[in-house]
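Below is one structure; the comments refer to it alone.
Throughout, read-outs are computed from the coordinates displayed, never taken from laboratory work. Model, not experiment: these values are computed from the prediction. Note that we place each Cβ from the backbone using ideal geometry, even for glycine, and neighbour counts take in every protein chain shown.
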């Protein structure tokens with residue numbers, strides 16, 4: 001392991017091997033060669049003077065990237081594409097003269113970027129679906145477990161642990177919709193030439209418009225795409241990068257929301273992320289169980305959300321048919337967004353797979369607040385027993401203030417039920433009041449909402465993607 005130079009934490013600590021390979025040099029340059037083969041095949045099929053023998057020679061060496069030859073050549077010519085054309089030609093002497101015929105550098109560069117982003121989006125989609133699968137198990141298992149809900153992080157009407165999980169899931173479903181749309185609408189640049197006019201192909205095919213149009217169609221099909229951009233400059237519109245990274249930023253936001261909730265729940269000791277047997281929570285406080293995985297999700301998510309500005313600004317500042325001020329930024333902003341979201345989803349999957357719920361703690365906190373939540377029902381029962389609603393409302397308000405003061409200022413337990421039982425205006429005994437303290441009476445349709453959400457929204461997604469399920473996430477550190 002090299003220790004005397006910078007190493008990206010995205011590759012050292014966070015991103016999976018699968019995502020790292022998608023953005024590897026091998027993936028990039030092997031794709032370049034596949035594109036050169038697709039171009040040669042299309043030109044051969046449409047009547048240019050390219051032989052099957054030349055194409056077979058290109059195919060025979062397509063995975064044997066002679067990096068050292070390309071590297072030495074680039075030192076001389078200062079051009080990465082032409083260096084690899086030269087290196088490929090060294091291996092394929094018969095095909096040397098027809099490699100990259102009629103194309104410009106962006107033919108391999110931009111088409112490869114689209115192919116790589118598409119493959120990376122598919123891996124992200126797979127991981128989102130697996131997170132949904134694990135969350136669905138958690139939601140169903142806890143669909144009826146009452147818990148105190150919070151608005152403004154203040155105690156509010158109870159929900160269930162499972163219902164709260166559907167809120168996390170719903171945001172991921174929205175992200176999945178964006179992912180599906182984006183993947184389904186990815187287009188190759190095709191082979192448009194130096195300024196997108198296809199002038200070189202007009203020359204090669206002697207003005208035969210149908211053959212010029214067919215080149216793009218055949219290349220797209222050979223590379224697994226339905227279509228190419230109908231018009232372009234030298235590059236595909238950088239707005240595509242903006243759309244792609246914005247989808248990733250949306251997933252990051254969803255994951256961040258989840259991580260916030262888990263961190264707060266862990267503070268409340270109601271739900272905890274997994275904590276390994278030998279894991280150290282604090283160097284000073286040995287008893288601590290810090291939510292480090294959820295904190296890491298939040299940290300990486302902020303990076304992705306801010307990084308989404310890069311492609312947007314790059315897209316906005318391109319000049320005419322192209323400028324090269326996109327290149328260095330793209331090399332950083334797009335891969336790092338994918339590597340970071342990959343790490344986020346692995347963490348998300350790992351956390352959900354090992355969430356620990358503490359029902360007794362949840363019940364204790366809920367029961368401490370439930371008398372306040374139950375006052376509407378208590379008032380209705382008292383009205384049925386002959387009381388005056390307006391008078392009872394005022395008495396409950398006054399008694400609630402007294403009970404709240406006892407809790408906040410004196411550190412006592414909530415004694416609202418006792419205070420109500422002692423007030424003759426209510427005509428209710430303490431035993432009668434305690435019967436109204438069943439938490440399930442106050443969770444509304446939470447359990448049914450979980451069941452409906454699973455049946456109508458999540459299960460159809462899982463059923464349609466069974467072949468993708470079963471992933472586990474390995475956390476490096």
How tilted is helix 239-268 with respect to the longest principal axis of the chain? Cα atoms for both, answer in degrees (0 to 90, nearest 10). 30
12 Å reach of a label modelled at residue 195, 7 Å along Cα-to-Cβ, counting backbone N of the stretch 294-336: 320-322
Just subtract the alpha-carbon distance of residue 315 and residue 451 from 0.36 nm times their residue separation and send over the number in nm, one decimal. 44.6 nm
Give the separation of the Cα centroids, the stretch 458-477 to the stretch 298-322, in Å. 29
All-pairs Cα distance distribution in the stretch 15-60, expressed in whole percent, bin size 5 Å: 5, 22, 21, 16, 11, 10, 9, 5, 2, 0
Hey, what number do you get for the chain at 222 nm if only DSSP H runs of n ≥ 4 count, each worth -39500 (n - 2.57), divided across all residues, to the nearest 500? -20000 deg cm²/dmol
Any idea how far the Cα center of the stretch 136-151 sits from the one of the stretch 1-65, in Å? 47
Return a whole-number percent for the relative contact order of the stretch 294-409, with Cα pairs under 8 Å and 6 or more residues apart as the contact set. 25
Percent relative contact order of the chain, based on C-alpha pairs within less than 8 angstrom and at least six residues apart? 19
Please work out the Cα convex hull volume for the stretch 288-392 and give it in Å³ per residue. 228
In a Debye calculation with equal point scatterers on the alpha-carbon sites of the stretch 375-436 and no solvent, what is log10 I(q)/I(0) at q = 0.15, 0.19, 0.21, 0.29 Å⁻¹? -0.41, -0.64, -0.77, -1.26
Please give the helix 389-410 orientation as an angle from the longest Cα principal axis of the chain, in degrees from 0 to 90, rounded to the nearest 10. 80
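Quick check: convex hull of the Cα atoms in the stretch 331-477, volume per residue, rounded to a whole Å³? Each step should come with its number before you reach the end.
Numbers: hull volume 33.8 nm³, N = 147.
So the per-residue hull volume is 230 Å³.
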In square nanometres, what is the average projected area of the Cα convex hull of the stretch 36-95? 4.0
Relative contact order, percent, the stretch 375-436 [alpha-carbon distance under 8 Å, six or more residues apart]: 35
With R₀ set to 45 angstrom, the calculated FRET efficiency between the beta-carbons of residue 76 and residue 365, to the nearest 0.05, is 0.05
On C-alpha positions alone, give me the angle between the axis of helix 209-222 and the longest principal axis of the chain, in degrees, nearest 10. 50
